[in-house]
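Everything below concerns the one structure shown next.
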Amino acid sequence: NVLRSLSHAGAVGQLNQTDGMTLDIVSILFDYVFDDKAIPDLMKALIGKLQIPVLKVALLDKDLFSKKSHPARRLIDVLAKSSVGYTNTSTEDKYFQYVEKIIQYVTENFTDDVELFNSAVTKLEEFLEQETLKTEERAERAARSLSTKEQIVHAKLAVDDALSTRLEGIDVREFVRQFVLDYWRQLLIVTYIEDGADSEAWHQQLQTIDDLIGL
C-alpha cells in the first residue's frame, strides 16, 4: 500500500488535517483490496497502480467517500469483483492485458477530470460483458456438441439393434446384406436423429429392409 507508506513516511505532516484524513481513508479503501485473499497478487499489483490517481480524485472530490456510484469507486469495485477467483497467473492472459490497458489509460491521462474514470469503468464493463457472452456461447456450443454426440451414439445403438434383429441367423443374399450395412444403416442413423424412432420415415425404411430380406 503506497499510500500507507506515504503516511508512515511523514507525508501527512505536509498536508492539512482534512487532506491528511483523505490520504488515510483512501489507503484504507485499498487495504480492503490488498487484504482480500480471493484476489490474486498479480491483480492486486495492477489495481494498486490506481492508488495515486484515486488519491488525486479524493482530494478534488469528496463525493468519492459518500457515493458508491462515484466513477473511481465503481472502477475499483468492478476490478476487485472481476478479479476474485482469477486463477491465471500469466501476464499474457487476455483479461490481465485488458485490465493493464485500462489502468495505464487512467494513470497516464488523469489530471482533474473525474469523467475519465467513468470512461474507464464503462470500457471495462463492456469488455467483461463481451467475455461473459463469449463464454456462454462456448458453453452452449459445447453442450450442443455433447448432445449431438449422445444422439449419434443412441442412434447407432438403435439402428444396430434393429439390423441385428433382422439379419442375424437369416440367410440373406450377400449383396443385400452389404447394401443394408454399408448404405442403408447410415440412412437409418440420420433418420433416427432427425425424425426419431416413432416417425413414419423410420418405419418405412425398416420396412424396406424387410422387403429386401424377403427377396
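Take the residues in segment 163-215 that are of a type in the set (Ser, Thr, Tyr) and open to solvent by less than 90 Å² (accessible area, probe 1.4 Å); name whichever of them is farthest from Ser147 (Cα to Cα).
Thr208
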Mind telling me which of the residues Asp113, Asp41, Asp63 ends up being free of Cβ contacts under 8 Å to residues at least 24 places away in the same chain and either in contact with a Ser or Thr (Cβ under 7 Å, 6 or more places away or on another chain) or open to solvent by less than 70 Å² (accessible area, probe 1.4 Å) (or both)?
Asp63
Here is a list: Val159, Val153. Which entry is in a helix (DSSP H, G or I), β-branched (Val, Ile, Thr) and surrounded by 14 or more Cβ atoms within 10 Å (Cβ to Cβ)?
Val159
Note on Lys123: of the conditions (1) within 22 Å of Asp24 (Cα to Cα); (2) open to solvent by 70 Å² or more (accessible area, probe 1.4 Å), unmet is (1)
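Condition check ((1) of a type in the set (Ser, Thr, Tyr); (2) over 20 Å from Ser119 (Cα atoms); (3) in contact with a Phe, Trp or Tyr (Cβ under 9 Å, 6 or more places away or on another chain)) across all residues:
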| position | (1), (2), (3) |
| --- | --- |
| Leu23 | no, yes, no |
| Leu29 | no, yes, yes |
| Phe34 | no, yes, no |
| Pro40 | no, yes, yes |
| Ile47 | no, no, yes |
| Pro53 | no, no, yes |
| Val57 | no, no, yes |
| Lys67 | no, no, no |
Scan segment 66-76 residue by residue and report those that are exposed (fewer than 15 other Cβ atoms within 10 Å of the Cβ) and either of a type outside the set (S, T, N, Q) or part of a helix (DSSP H, G or I) (or both).
Ser66, Lys67, Lys68
Identify, by number, the condition in (1) more than 27 Å from the chain's Cα centre (by Cα); (2) at pLDDT 90 or above; (3) hydroxyl-bearing (Ser, Thr, Tyr) that Thr111 doesn't meet.
(2)
In this structure, does Ala142 turn out to be at pLDDT below 80 and open to solvent by less than 90 Å² (accessible area, probe 1.4 Å)?
yes
Would it be correct to say that Leu133 is open to solvent by less than 60 Å² (accessible area, probe 1.4 Å), under 30 Å from Tyr105 (Cα atoms) and not aromatic (Phe, Trp, Tyr)?
no
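The values are calculated or read from the model by the stated rules, or taken from the named source; none is laboratory data. Predicted model, so just to flag it, every value in this text is computed and none were measured. Cβ atoms come from the backbone with ideal geometry, glycine included; neighbour counts cover every protein chain shown. Only protein heavy atoms, including side chains, enter the accessible area calculation; ligands, DNA and RNA are left aside. Shrake-Rupley method; radii C 1.70, N 1.55, O 1.52, S 1.80 Å.
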